[in-house]
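Engineer: Take this structure first; my questions come after.
Quick note: the coordinates plus some simple rules give every number you see, no bench work behind them. This one's a predicted model, so the numbers in the text were calculated from it and none came from an experiment. Glycine gets a Cβ as well: all are built from the backbone with ideal geometry, and neighbour counts include every protein chain shown.
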Amino acid sequence: MSMRREILFMAVMALCAVGCSVPKSLGVGAVERCDGGDVYHITSSLPVDYADSMEWILRYDKSDVEELRQRAKTENKECDVLFFGSSSIRLWSSLQEDMAPLKVVNRGYGGAQLRDIHFNYETVLADYRPKAFVFYCDNDLGGFGHDLYPTQLFDLYRLLFERLRSDYPDAPIYVLSIKFNESRAKLREEHRLFNALMEDYARHATGVTFVDVNTPLLSADGEVDNGYFEADLLHVNSRGYEVWTSVLKPLLLEQLTR
C-alpha cells in the first residue's frame, strides 16, 4: 500500500469510529475557509471511540460492492459520464435512456456512505475513463447512530473531489445537492447546512459544479412534494428522475459537446 493510500485509509478508519461515537452535545461544529481560498478546515475537535471499524466498512463487500467488481470485468471503460454514489444513483434505472446521446455508466451502490466510498474508491472507479463525474450521496446524514456532522461530511466530500481531480485532472465533477425528503425530515437543517457548505465550496473549487436538484422537488411554499418520491418517501420516483434529468443533462451536454 502506497504512503498516500495508507494515510487516506487511516483517516477514513478514524472517521468511521468518530461517526459511531461523537456525543450529540457537540452540535454540528464549525467550519472556516482559510484566507478566502478553497481550503477549508473544521474548527472543533472530537473524541474517538475505536469500534470495529473494519467490520462496518466491509458491510457491503459481498453484495453491492462485489456486483460492481463483476460488472467492471465486462463493461466498456470508455464513457462520457460516470455516475456514482448511493442508492439514489443505483436506482436510476432509466439513466442511460435519460442521458442519451451521452454514454454513461452507473457505479452507485445501495447504502453507500462517504466513508466506505473512500475505502472502495478503486473498486467503484476501477479502470473507467470518464470525461466527467456525477456524484450523489446522503447516507452519512441519514438518521443512523453512526451519522457524521455536516462539517465532517463536507470534509470527506472535499477529500474525495481532491483525489478525483488528481487522478482525472481533465474530468469535471458535478455534485448533486442532498434532497429534502419526508423520511428524514428531522435532518432538514443538517441537509440545508451541508448543501450551503457544498455550494459555497463549488464556487471556489476548480472543476467542481454544485447542481441543485433539491429545490425543483419542493412545492411553492418550500415543502417536499411527495409526488416526486417513492412510497418510502426517501428515494425519488420516475417523476423525480425526470426533474433531475431536466436540471443536470443540459449542463453535461454543454460541457461535453463543446
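Engineer: In the stretch 210-252, which residue that is in a helix (DSSP H, G or I) and among the charged types (D, E, K, R) is farthest from Lys131 (Cα to Cα)? Spell out how you get there, then give the answer.
Structural biologist: Let us first name the residues in the stretch 210-252 that are in a helix (DSSP H, G or I), namely 215-217, 226-228, 238-252.
Then keep just the ones that are among the charged types (D, E, K, R); that gives 239, 242, 249.
Values: Arg239: 27, Glu242: 23, Lys249: 14 Å.
Applying the filter and picking the extreme gives Arg239.
Engineer: Also, I was wondering about something else. So which residues in the stretch 217-240 are over 18 Å from Ser94 (Cβ atoms) and touching a residue at least 24 places away in the same chain (Cβ under 8 Å), if there are any at all? Step through it out loud before you land on a result.
Structural biologist: Going through the stretch 217-240, the residues over 18 Å from Ser94 (Cβ atoms) turn out to be 218-226, 231-234.
Residues satisfying the conditions are Leu218, Val224, Asn226, Asp232, Leu233, Leu234.
Engineer: Tell me, which helices (runs of 4 or more DSSP H) lie completely within the stretch 48-153 with 2 or more residues that are more than 21 Å from Phe180 (Cα to Cα) and within 17 Å of the chain's Cα centre (by Cα)? Spell out how you get there, then give the answer.
Structural biologist: Details: elements: 53-57, 64-72, 87-90, 95-99, 114-119, 121-125.
Fully inside the stretch 48-153 and qualifying: 64-72, 114-119, 121-125.
Engineer: On to the next question. May I ask you to say which residue of Val224, Val236 is over 20 Å from the mean Cα position of the chain (by Cα) and buried (at least 16 other Cβ atoms within 10 Å of the Cβ)?
Structural biologist: Working: Val236 fails: over 20 Å from the mean Cα position of the chain (by Cα).
It is Val224.
Engineer: May I pose another question? How many residues are in a loop (DSSP other than H, G, I, E, B) and surrounded by 14 or more Cβ atoms within 10 Å (Cβ to Cβ) when one looks only at the stretch 172-207? Give the derivation first.
Structural biologist: First, pick out the residues of the stretch 172-207 that are in a loop (DSSP other than H, G, I, E, B): 172, 177-181, 205-207.
Narrowing the set further to residues that are surrounded by 14 or more Cβ atoms within 10 Å (Cβ to Cβ) leaves 172, 177-181, 205, 207.
Within the stretch 172-207, residues that are in a loop (DSSP other than H, G, I, E, B) and surrounded by 14 or more Cβ atoms within 10 Å (Cβ to Cβ) number 8.
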